[in-house]
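The values are calculated or read from the model by the stated rules, or taken from the named source; none is laboratory data. In this text, all values refer to a predicted model and were calculated from it rather than measured experimentally. Reconstructed Cβ throughout: ideal geometry from the backbone, glycine too, with neighbour counts over all protein chains shown. Just so you know, the surface numbers come from the protein's heavy atoms only, side chains and all, with ligands and any DNA or RNA stripped out. Shrake-Rupley method; radii C 1.70, N 1.55, O 1.52, S 1.80 Å.
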Amino acid sequence: MYLYHFGLSELPFNLTPDTDFYCELPVYRDAMNVLRVAIESGEGFVKVIGEVGTGKTMLCRMLLNYLEKRAQCAYLPNPYLSPNELRLALASELSIRVARTIDQYQLTEKINRKILKLHEKGKPVIVIVDEAQALPKETLEALRLFTNLETEKKKLLQVVLFAQPELDARLAQPDLRQLRQRISFSTNLRPLDLTSIQVYLSHRLKAAGFTTERIPGGELFTKSAIKVLLRNSRGIPRLVNVLAHKSLMLAYGHGKFIIEAADVRAAARDTDDVSFKSWWLGLLIALGLSGSLYGVVLSGWLP
Ligand SMILES: Nc1ncnc2c1ncn2[C@@H]1O[C@H](COP(=O)(O)OP(=O)(O)OP(=O)(O)O)[C@@H](O)[C@H]1O
Ligand SMILES: [Mg+2]
């Protein structure tokens, strides 16, 4: 691979959300601030919405790290849970020992008692759900009922939902209006702009051991390469990673030390779900359409 060629100690653009590579760009700083304020003010529900690949799981892990000493977290990475499974998962995350056959009423009681006990010890309980757009309606409702536990000032259990925009569509339905009203804080993960992508690339490269010494000018990606990267990734970090990794491989294959626009374009041609293909597809469709229009016009003219 290209590690030695570029002087890296590990792959800089892996797809796993590894917090060692976390880059505190304005969009993530803003979202983290909203989360901190919401949690400190003791509100019931908070949501973080982001398109696929915009960094929700990464932020979720950063939040878990931040809360480690401050709260008792219950992390639910897989939300395809029935209400009963949710209660069991919650019990397990809160270290409550129960038999799988326990009656649901007793289980709810045990969880409530544990939440109260943790509150007395000064530990707020925070349930963090990733992929929350997939939570069944009944499970969302079960979660809402747990947030009914409160003192005069604060909820005893708070819920942070990380989700794709489909969650907003679901919350707009009338049968979820009660939950919708409980969401007092929310934030959206917008795509990265040009400056953020530049900072993002440098940050991840540095975290992977890259030093600028052997590169003339100090930047591995040229300005125009970053522009092509932005256009083709639409500012989505996961696509930035895919394209950046492939561009590095291509440049390495050609024995180059600088990534240029042509390398990123070639990487984009080889990648699903990036703008390059949709751009070409759009062009082909447009050509096809204009071709058939031309045909219609011609056939109208010809006898
Ligand atoms: N703040 C960040 N700093 C560094 N890398 C990031 C950051 N945010 C996201 N990434 C990278 O972008 C990629 C996608 O991030 P992540 O998996 O968190 O997205 P997601 O929104 O959870 O995607 P999905 O909707 O598919 O679950 C990962 O490789 C991750 O390392
Ligand atoms: Mg995710």
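When +1 charges are put on Lys and Arg Cβ atoms and -1 charges on Asp and Glu Cβ atoms, the dipole computed for segment 52-158 relative to its Cα centre reaches about 440 debye. Can you give the angle from 0 to 90° between the axis of helix 56-67 and the longest principal axis of the chain, with both taken from C-alpha atoms, to the nearest 10? Tilt relative to the chain: about 40 degrees. The angle between the Cα long axis of helix 83-93 and the main principal axis of the chain comes to about 90°, on a 0 to 90 degree scale.
Taking a ≥ b ≥ c as the square roots of the eigenvalues of the Cα gyration tensor, segment 11-138 is prolate, since a/c reaches 1.5 or more and a/b is larger than b/c.
Of the residues His254, His245, His119, the one that moves most in a GNM of the chain with alpha-carbon contacts below 10 Å is His254.
Using the 1.4 Å probe convention, the accessible area of segment 26-189 works out to 49 Å² per residue with neighbouring protein chains retained. Counted residue by residue at 0.36 nm each, then reduced by the alpha carbon distance between them, the extension gain from Lys121 to Ala169 reaches 13.5 nm.
What you get for the chain, charging only the Cβ of Lys and Arg (+1) and of Asp and Glu (-1), is a dipole of about 500 debye around the Cα centre.
Using a/c under 1.5 as the rounded threshold, could you call the chain rounded, prolate or oblate? The axes a ≥ b ≥ c are square roots of the C-alpha gyration tensor eigenvalues, and prolate needs a/b larger than b/c, oblate otherwise. Here the chain falls in the oblate category. For segment 192-277, lysine pairs with C-alpha atoms less than 17 angstrom apart, excluding pairs fewer than eight positions apart on the same chain, total 5. Packing, as the average of other Cβ atoms within 10 Å across residues, places the peptides 182-188, 13-19 in the order 182-188, 13-19, highest first. Pick from Phe221, Phe162, Phe257: which residue has the top mean-square fluctuation in a GNM of the chain where Cα pairs under 10 Å get a spring? Comparing Phe221, Phe162, Phe257 in the GNM, the peak value goes to Phe257.
Sequence-distant contacts, meaning Cα pairs under 8 Å at least 6 residues apart, place the relative contact order of segment 26-189 at 40 percent.
Farthest towards the positive end of the charge dipole of segment 96-225, among the residues Pro191, Thr147, Gln181, is the Cα of Thr147, using unit charges on the Cβ of Lys, Arg, Asp and Glu.
Of the residues Ser224, Ala132, Val242, the one whose Cα sits farthest toward the positive end of the charge dipole of the chain, with +1 on the Cβ of Lys and Arg and -1 on the Cβ of Asp and Glu, is Ala132.
As a rough guide to protection, the peptides 40-53, 85-98 ranked by mean Cβ packing within 10 Å, highest first, stand as 40-53, 85-98.
Computed over protein heavy atoms with a 1.4 angstrom probe, the accessible surface ordering of Met62, Met249, Met1, largest first, is Met1, Met249, Met62.
Among beta bridges from DSSP that stay inside the chain, the antiparallel ones total about 5%. Listed by chain and number, the lysines whose C-alpha is less than 22 Å from the C-alpha of Lys155, apart from same-chain residues fewer than 8 away, are Lys47, Lys69, Lys110, Lys114, Lys117, Lys121, Lys123, Lys137. With respect to the chain, whose longest principal axis is taken over its alpha-carbon atoms, helix 194-207 is tilted by about 80°.
Could you tell me which of rounded, prolate or oblate describes segment 192-277, using a ≥ b ≥ c as the square roots of the eigenvalues of the alpha-carbon gyration tensor, with rounded for a/c under 1.5 and, failing that, prolate when a/b is larger than b/c and oblate otherwise? Oblate is the answer for segment 192-277, as a/c is 1.5 or above yet b/c matches or exceeds a/b. In the elastic network of the chain, a GNM with C-alpha springs shorter than 10 Å, the most mobile of Pro216, Pro79, Pro26 is Pro216.
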